[in-house]
Amino acid sequence: MTTTPDPDAGAFLTALRLSDSFLPVGGYTASYGLEQYVNEGRIEDGDDLRELLAAYLRRIVGPCETVALANAHAASGAGDLEALLAVDERLHAVTMPREFRESSTKAGAKLCELLVGDTTDGDGNGDLENAFADAVATDATPGHYPVVYGVVAQRRGLSRRQACLSHAYSFVTGLLGAAQRLGRFGHTEIQAVLEALEPVIAEVCTRHVDDEPTAMASFAPLAEIMGMRHERAGRRLFMS
Amino acid sequence: MGYRDVAKVGLGGPVGSGKTALVERLVPELVARDYEVGVIANDIMTQEDADVFRESFADLLAPDLVAGVETGACPHTGIREDPSMNLAKIDEFTERHPDLDVVLVESGGDNLAATFNPELADYFLFVISVAEGEDIPRKRGPGVTQADLLVVNKTDLAPHVDADLEVIEDDAAAVRGDDPFVFTNCKDGAGVDAVLEHVEREVLFA
Ligand SMILES: Nc1nc2c(ncn2[C@@H]2O[C@H](COP(=O)(O)OP(=O)(O)OP(=O)(O)O)[C@@H](O)[C@H]2O)c(=O)[nH]1
Ligand SMILES: [Mg+2]
């Protein structure tokens, strides 16, 4: 029997690794305001949850994080550190609630420690990675999770679209897991919500994967207010 | 300077076994011995809880050396599979206090299977109490068997819950092999010296 080398295996496995809750970047501590929705009795059933997560996808994950990730991926591919830092700065500026920024930059720093700067090769791109990792480690740049994710994904051979899809997917499963620990949702119900959200994930990635960095903006006032109220919440199991 | 440069002591164990009570006993003793100490409590439920903690150490520790870390209802994950948020907090401590000697990390109350990731804790105390049942040690939970030091707390309550300290001692010795365990009463402080001695010898002098 002969084995044919599989050029896509590395990228595919990276996508699995990055979207797996096993990745130790503290994703399980973030609810991005979901805990506050539950605290205030705004989510009662699977339909509420599906609608809320669809709104997160369309108004935050798509227009903010996907745009940041896609442009970080492009900047990494072009070896353009300036552009990469500009994307990071803009994402910081459009992420309103303090706890959202903290959850994202803490996870970003951990992903950076784990996976950035260890793929140096002859093309000089390792320099960009190292410079970026330095900037994150020294707080010269915020180091948001989608931005670091874009760099990691690009360096390990994921296409821009695959990177955006796997990131949006892991955002959804992260929040579904949070919902399950906060409320009382059955595992089959949660899977049904996930299934219903898959087309939305694909839709927002298609819509935003080619956006310019200047298009990065969020419009999710209620989610942002929930995120801010969470800072003083009567119950806090989550960091955001 | 980062989390790798400071000694880290983990305290795990079931809900209500006396982890916080032990931290409150250890901190003043460590400060009296001229160590600069930081404290992290996992699974603080409200900001008020964090404030209570900060107040009880007000005369001993800088307020920014006392912190809560929320673990998203996953206390075991926070100290075992993915300690990243605890490590990030320790990094914040060391950034502001480069002379920090030791950080005590109290896990959220958990079951008998909780163990600390060795990158988060150089030394790991597992705190159980006699009031949870005298058979706890012989269940051989990973926390009980793998901890660097097993602490059996609330010895004062033994007579009230029909727990036989001799049985606990024999069982603990059997399941721990050569590894140490101590009895404590955090109400009057009995046994706390022995805990300190272990921590100092194994972590701070190491
Ligand atoms: N009688 C007695 N009570 C104790 C002792 N140690 C702690 N307690 C009491 O037991 C209760 C729980 O103690 P904590 O120190 O809060 O326990 P914990 O392990 O930190 O609990 P969680 O953080 O909720 O998991 C409190 O009411 C303490 O005052 C002891 O040695 N004897
Ligand atoms: Mg406690």
By count of other Cβ within 10 Å, fewest leading, how are A:200, B:105 ordered?
A:200, B:105
Acute angle (nearest 10 degrees) that the helix A:160-182 long axis makes with the longest principal axis of chain A, alpha-carbon atoms:
30
Extension length gain for residue A:229 and residue A:212 (0.36 nm per residue less Cα distance), in nm, is 3.0 nm
Let me know the mean shielding of A:102-112 by other chains, meaning the per-residue number of their Cβ atoms within 10 Å of its Cβ.
2
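Let's see if you can work this out: charge +1 on each Lys and Arg Cβ, -1 on each Asp and Glu Cβ, no other charges. What is the dipole magnitude of chain A about its Cα centre, in debye to the nearest 20?
Its charge dipole is roughly 700 debye.
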Pop the C-beta distance of residue B:188 and residue B:49 into the FRET formula with R0 = 22 Å and round what comes out to the nearest 0.05.
0.30
Residues with amide H under 5 Å of residue B:68's amide H, sequence separation 5 or more or different chain, H placed in the peptide plane at 1.01 Å from N; which?
B:41
Please give the Cα centre distance for region B:1-65 versus region A:186-240, rounded to the nearest Å.
34
Proxy exposure order for A:182, A:237 (fewest C-beta within 10 Å first) is A:182, A:237
Only Cα pairs under 8 Å and at least 6 apart count here; give the relative contact order of chain A as a rounded whole percent.
40
Under a Gaussian network model of chain B whose springs join Cα atoms within less than 10 Å, the largest fluctuation of B:121, B:67, B:113 belongs to B:113
Of the DSSP beta bridges with both residues in region B:7-204, give the percent that are antiparallel, rounding to the nearest 5.
5
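How much of the calculated P(r) for chain A lies past 31 Å, in percent of all Cα pairs? Could you put the intermediate results ahead of the total?
Values: 5688 of 28680 pairs.
More than 31 Å apart: 20 percent of the Cα pairs in chain A.
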Could you identify which residue out of B:167, B:195, B:69 has the top mean-square fluctuation in a GNM of chain B using Cα springs shorter than 10 Å?
B:167
What longest region of chain A stays clear of trypsin sites (Lys or Arg not before Pro) that DSSP places outside H, G, I, E and B and that have at most 13 other Cβ atoms within 10 Å?
A:43-183
Rounded FRET efficiency, nearest 0.05, which uses the C-beta distance separating residue A:188 from residue B:146 and R0 of 45 Å:
0.80
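Run the count for the protein assembly as shown, please: Lys pairs, Cα-Cα under 16 angstrom, 8 or more apart or on different chains.
Working: A:106/B:89; A:110/B:89; B:8/B:19; B:8/B:89; B:19/B:154; B:19/B:187; B:154/B:187.
Taking the Cα cut-off of 16 Å, the pair count is 7.
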Counting pairs of alpha carbon atoms under 8 Å apart in space and at least six apart in sequence, what relative contact order in percent does region B:7-204 give?
28
Kindly express, to the nearest 10 degrees and within the range 0 to 90, the angle between helix A:81-94's C-alpha long axis and the longest C-alpha principal axis of chain A.
10
Calculate one ³J(HN,Hα) per residue across region A:15-30 by plugging θ = phi - 60° into the Karplus curve 6.51 cos²θ - 1.76 cosθ + 1.60, and present them in order as whole Hz with x for glycine and proline.
4, 5, 4, 5, 9, 8, 5, 5, 4, x, 10, x, x, 5, 9, 9
Exposed loop chymotrypsin sites (Phe, Trp or Tyr not before Pro) only (DSSP loop, at most 15 other Cβ atoms within 10 Å): please give the longest stretch of chain A free of them, not including the sites.
A:23-218
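Here, each number is a calculation from the coordinates, and none is a lab measurement. Since we're looking at a predicted model, the values are computed, not measured. No Cβ is skipped: glycine too gets one built from the backbone with ideal geometry, and neighbour counts run over all protein chains shown.
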